[in-house]
Structures are given as structure tokens and as C-alpha cells.
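Student: Have a look at this one.
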Amino acid sequence: MEESARPLDYKKYNILYVDDEPGNLEAFRDEFEEYFTILTAPTGPEGLQIIRERPIQLVLVDQRMPRMTGVQVLEEIRRADSRILRILVTAYADIEVVIDAINKGRVYRYFKKPWDHEDIRTGIMRGLDYYQGERERERLHAERIENMKKMIRSNRLAAVGTMVAGLVHEIRNPMVAIQSFLQLLPRKWDDKDFLRKYLEIAQGEANRIESLLENMLSFARPSRPVLRDCDLNALVGKNIQLLEFQARRKSIQLEFQKDVDLPSAFADPSQILQVLQNLGLNAVQAMEPKGKLLFRTFSREGEKDALWVGVEVRDTGPGIPPEDLEKIFDPFFTTKAEGTGLGLSIAYQIINEHEGRIEVESKLGTGTTFFVRLPAYDAKIQGSRLCAAVNGIMSQNV
């Protein structure tokens with residue numbers, strides 16, 4: 001049998017009443033301090049000062065006051081802390097003002113003067129029930145986010161374990177070639193052709209081991225992205241320039257469909273360029289000669305009117321088998337004869353660190369398309385995020 005919800009202790013919540021009539025303030029305290037912790041203020045500015053100095057959960061404000069009207073006071077409160085419940089107390093003549101304020105989300109509800117004791121008491125209690133429910137939802141949401149972060153960290157550790165196992169296998173092959181060369185070297189010391197050939201092989205295998213280790217470190221200990229406003233069109237243009245040599249060798253056509261009105265992304269330019277280079281190079285390597293590689297920038301609205309900007313990377317290669325699609329972002333998974341299988345894993349991790357998305361669609365015999373989506377830059381929102389991030393880093397270093 002489920003335990004019933006425990007009733008709220010309404011006394012622990014701070015209720016502020018703002019009214020320019022001293023008699024109303026005194027009457028409010030006398031009627032309701034038995035049920036709630038009551039604070040009062042005779043003017044809007046004094047009420048706002050109280051909110052700055054101590055936590056307030058619910059505010060009631062008289063509409064008709066000198067200096068600031070009730071709606072103006074509640075609007076300032078909404079800007080200061082939108083979680084505070086805002087109630088307007090007004091005469092019937094102000095009803096149009098009240099309805100307009102409610103429709104614009106400035107006011108939780110209103111009471112008419114002269115007030116009815118029981119209406120006010122039960123209205124405040126219901127408001128505090130609502131307030132507490134919202135705070136509980138926020139707590140549960142934060143808890144879910146923290147659990148997700150723990151899962152991501154756990155998955156990363158598991159992925160590193162997979163990487164280590166794969167790395168042992170990947171390093172063993174080049175080490176065999178280097179060891180064979182070293183074993184034969186005493187007997188072949190005077191054979192210049194042997195030395196030239198196997199020195200090149202040994203150097204190439206050593207370079208391969210170094211690349212494997214660098215990629216593993218990039219995945220296991222990724223650098224924190226330095227987020228700022230980022231021009232995706234410029235990054236795609238630079239990436240195409242870097243790909244031109246490899247594409248020309250296979251007569252592959254590079255095309256760029258640019259959204260000229262594309263907003264900036266909130267991203268680390270160097271890391272996003274690394275992702276684009278990886279996707280572009282993979283596509284060029286996968287395609288037969290005379291293929292086509294398309295880059296297209298775009299913007300989309302997401303949930304809660306959030307704006308996303310992105311890049312589509314579409315090739316005319318052989319496509320990826322359906323059974324391999326779900327594994328392409330796994331460490332060390334590759335269908336190429338050469339390669340570490342870490343490039344797409346690193347790309348996925350970079351986009352995830354940016355709170356973005358990377359998705360893939362593929363059809364055998366037709367080609368593969370990757371979609372990279374990133375949050376658009378918003379100076380106000382991203383500025384507050386940057387401040388929060390800097391504060392978090394500073395607190396960790398204290």
C-alpha cells in the first residue's frame with residue numbers, strides 16, 4: 001500500500017504582501033500569520049528589496065499603488081526570479097488589467113478587494129502546493145540529468161576497456177613487422193636494399209602505433225571544448241579546401257550548398273573542424289572514382305523553440321550494411337582495410353560534449369549521409385552558460 005503524500009508545513013514558506021495602505025498590511029498579518037510566515041512592504045521598491053535579501057516563495061501585491069503598480073512590481077519579480085508565485089490583489093475596476101497580466105504569464109492568479117479570508121487562505125495554500133510540486137519536478141529532473149552523466153561516465157570507462165583490448169590487437173601486428181626487421185638486421189646488415197625497404201616498413205608501422213595511441217588518448221581523455229560563436233559555413237569551406245587534394249586524386253566532385261543566413265553555432269571551431277575532416281575523409285576513402293561529396297548547412301527549430309544549426313555530409317559511396325550502422329560509432333569498429341576505427345567514436349564524443357547530435361542514414365548502393373546538429377549561438381543564453389561553466393571550473397580549482 002502506497003504511503004499518502006505528507007501535507008506541507010506552510011509555516012516554513014515566506015509570503016510577502018505589498019500594499020500602500022498600512023491598515024491592509026496589518027489586517028493581512030493578523031489574519032494569516034497563524035498559517036504562514038508573513039512579511040509586508042508598503043511600496044513596490046521596498047518589496048523588491050526584501051526579495052533580494054531573503055528567499056520568498058509567494059508574493060501578493062496590491063494593483064493600485066503610487067510609484068509602481070502591482071503589475072509592474074510583479075513583472076520585476078518575474079525577471080528577478082520567475083519561480084516566485086505572483087498574485088495580484090485588486091478592485092473589480094482593474095479586472096481588464098488583471099486578465100491581461102494573467103494571459104502574459106506575469107501573474108499566477110488574482111484576488112478581489114475586499115478579500116475573503118477563506119479564499120485567500122486556501123488560494124495561498126494551493127499556490128504553495130503548486131510551488132512545491134514545481135520544485136520537486138526540478139529536483140527529479142536534475143537527478144535524472146546527474147544519473148545520465150554517471151551513465152555516460154560509466155559507458156566511457158567501458159569503452160576505454162574495449163579500446164584497450166582492441167589496442168593490444170592493433171599494436172601487435174605492426175610490432176611483429178618491427179620485431180622481424182630487428183631479428184633479421186644482424187644477418188642483413190650489408191644488404192642495402194633490405195635495409196632501405198624494411199626501414200621504411202618499420203617507420204610506417206611505428207607511425208601507425210603513434211597514431212593509435214594519440215587517437216586513444218583523444219577518446220579516453222578528451223579536451224574540454226572552448227565554446228563560442230562559430231561560423232559553420234566558414235568551417236565547411238575550410239574543410240573542403242583540405243579535402244581537395246584527396247578528392248582530386250579520385251576525380252571526386254566536392255559540392256557545398258551554403259545557407260547564407262545560417263546563424264552561428266555555439267561550438268569549439270577546432271573540434272568541429274576535426275569532426276568535419278573525419279566525415280569528409282571517410283567519405284572520400286569509401287567512394288569509387290568520379291563520386292560526389294555534398295556538404296550542406298542548415299538550421300532547424302527544436303523543442304521549446306530552441307534553434308539548431310547543422311551540417312549534412314552526403315556521399316555516393318557503397319553505403320553501410322544495416323547490421324553495421326548501429327556499430328559505426330563504437331571504438332575500433334571499421335570496415336576499412338586500413339584505419340584505427342576511432343575516428344567516428346571521437347567525432348561522436350565531440351558532438352556529445354557540445355550537447356549536439358550526430359546521426360547517420362545509409363542505403364546500400366546509394367550512399368551514406370551524416371547529420372551533425374549543434375546548438376545555435378545566443379549571446380544572452382550562452383553568456384550565462386559560459387559564466388556558469390567558468391564558475392564551475394573555478395570552484396573545482398579552489
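Student: Taking Glu214, is it within 24 Å of Ala286 (Cα to Cα), surrounded by fewer than 17 Cβ atoms within 10 Å (Cβ to Cβ) and either modelled with pLDDT of 80 or more or not aromatic (Phe, Trp, Tyr) (or both)?
Tutor: On the way: within 24 Å of Ala286 (Cα to Cα): yes; surrounded by fewer than 17 Cβ atoms within 10 Å (Cβ to Cβ): yes; either modelled with pLDDT of 80 or more or not aromatic (Phe, Trp, Tyr) (or both): yes.
In short, yes.
Student: Still on this structure: Being open to solvent by less than 90 Å² (accessible area, probe 1.4 Å) and touching a Pro at 6+ places or on another chain (Cβ under 6 Å), is that true of even one residue in the stretch 52-68?
Tutor: no
Student: Just the residues that are among the basic types (Lys, Arg) and free of Cβ contacts under 8 Å to residues at least 24 places away in the same chain, please, taken from the stretch 1-60.
Tutor: Initial filter on the stretch 1-60 (among the basic types (Lys, Arg)): 6, 11-12, 29, 52, 54.
Arg6, Arg29 - these are the residues of the stretch 1-60 that are among the basic types (Lys, Arg) and free of Cβ contacts under 8 Å to residues at least 24 places away in the same chain.
Student: Would it be correct to say that Ile145 is closer than 24 Å to Glu355 by Cα, at pLDDT 65 or above, in a helix (DSSP H, G or I) and of a type in the set (A, V, I, L, M, F, W, C)? First the steps, then the outcome.
Tutor: Values: closer than 24 Å to Glu355 by Cα: yes; at pLDDT 65 or above: yes; in a helix (DSSP H, G or I): yes; of a type in the set (A, V, I, L, M, F, W, C): yes.
Criteria met by Ile145.
Student: Of the residues Ile209, Ile171, Ile152, Ile124, which is in contact with a helix residue (DSSP H, G or I) (Cβ under 9 Å, 6 or more places away or on another chain), modelled with pLDDT of 80 or more and in a helix (DSSP H, G or I)? Show your work before the answer.
Tutor: On the way: Ile209 fails: modelled with pLDDT of 80 or more; Ile171 fails: modelled with pLDDT of 80 or more; Ile152 fails: modelled with pLDDT of 80 or more.
Every option except Ile124 fails the conditions.
Student: Restricting the stretch 340-360 to residues that are buried (at least 18 other Cβ atoms within 10 Å of the Cβ) and in a loop (DSSP other than H, G, I, E, B), which is modelled with the highest pLDDT?
Tutor: Here is the first cut: in the stretch 340-360, the residues buried (at least 18 other Cβ atoms within 10 Å of the Cβ) are 340-351, 354, 356, 358.
Imposing the further condition that a residue be in a loop (DSSP other than H, G, I, E, B) reduces the set to 340-342, 354, 356.
Working: Thr340: 55, Gly341: 60, Leu342: 68, His354: 89, Gly356: 92.
Ranking the qualifying residues of the stretch 340-360, first place goes to Gly356.
Student: Next question, about the same structure. Just checking, does the stretch 219-226 include any residue being within 29 Å of the chain's Cα centre (by Cα), within 30 Å of Glu353 (Cβ to Cβ), modelled with pLDDT under 80 and in a helix (DSSP H, G or I)? If you could, list the steps in order and put the result at the bottom.
Tutor: Pass one, the stretch 219-226, residues within 29 Å of the chain's Cα centre (by Cα): 219-226.
Applying the additional criterion that residues be within 30 Å of Glu353 (Cβ to Cβ) yields 219-226.
Of the ones still in play, those that are also modelled with pLDDT under 80 are 219-224.
Right, trim to in a helix (DSSP H, G or I) and you get 219-220.
Looking for residues that are within 29 Å of the chain's Cα centre (by Cα), within 30 Å of Glu353 (Cβ to Cβ), modelled with pLDDT under 80 and in a helix (DSSP H, G or I), one finds at least one in the stretch 219-226, hence yes.
Student: Restricting to the stretch 284-324, what's the tally of residues that are basic (Lys, Arg), over 22 Å from Ile351 (Cβ atoms) and within 31 Å of the chain's Cα centre (by Cα)? Steps first, please.
Tutor: Within the stretch 284-324, the first condition is being basic (Lys, Arg), and the residues that meet it are 290, 292, 296, 300, 304, 314.
Subset that is over 22 Å from Ile351 (Cβ atoms): 290, 292.
If we keep only those that are within 31 Å of the chain's Cα centre (by Cα) as well, we get none.
Here the count works out to 0.
Student: If you don't mind, another one. Name the residue, out of Arg67, Arg52, that is on the phi > 0 side of the Ramachandran plot and modelled with pLDDT under 95. Before you say what the answer is, go through the steps one by one.
Tutor: Numbers: Arg52 fails: on the phi > 0 side of the Ramachandran plot.
On inspection, the qualifying residue turns out to be Arg67.
Student: Considering only residues of the stretch 267-322 that are among the basic types (Lys, Arg) and not in a strand (DSSP E or B), which is surrounded by the most Cβ atoms within 10 Å (Cβ to Cβ)? Let's see the steps before the verdict.
Tutor: Initial filter on the stretch 267-322 (among the basic types (Lys, Arg)): 290, 292, 296, 300, 304, 314.
Subset that is not in a strand (DSSP E or B): 290, 304.
On the way: Lys290: 10, Lys304: 5.
It comes out as Lys290.
Student: Looking at Arg86 and the list (1) open to solvent by 50 Å² or more (accessible area, probe 1.4 Å); (2) among the charged types (D, E, K, R); (3) at pLDDT 85 or above, which single condition is not satisfied?
Tutor: So the condition that Arg86 fails would be (1).
Yes/no per residue for (1) charged (D, E, K, R); (2) in contact with a Leu (Cβ under 8 Å, 6 or more places away or on another chain):
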{"residue": "Leu273", "(1), (2)": "no, yes"}
{"residue": "Gln277", "(1), (2)": "no, yes"}
{"residue": "Ala283", "(1), (2)": "no, yes"}
{"residue": "Ala286", "(1), (2)": "no, no"}
{"residue": "Glu301", "(1), (2)": "yes, yes"}
{"residue": "Pro321", "(1), (2)": "no, yes"}
{"residue": "Leu325", "(1), (2)": "no, no"}
{"residue": "Thr334", "(1), (2)": "no, no"}
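The values are calculated or read from the model by the stated rules, or taken from the named source; none is laboratory data. If you're wondering where the values come from, they're calculated on a predicted model, not measured in any experiment. Using ideal geometry, Cβ is built from the backbone for each residue, glycine included, and neighbour counts are taken over all protein chains shown. Please note that ligands, DNA and RNA were not included when accessible areas were found on the heavy atoms of the full protein model with its side chains. Shrake-Rupley method; radii C 1.70, N 1.55, O 1.52, S 1.80 Å.
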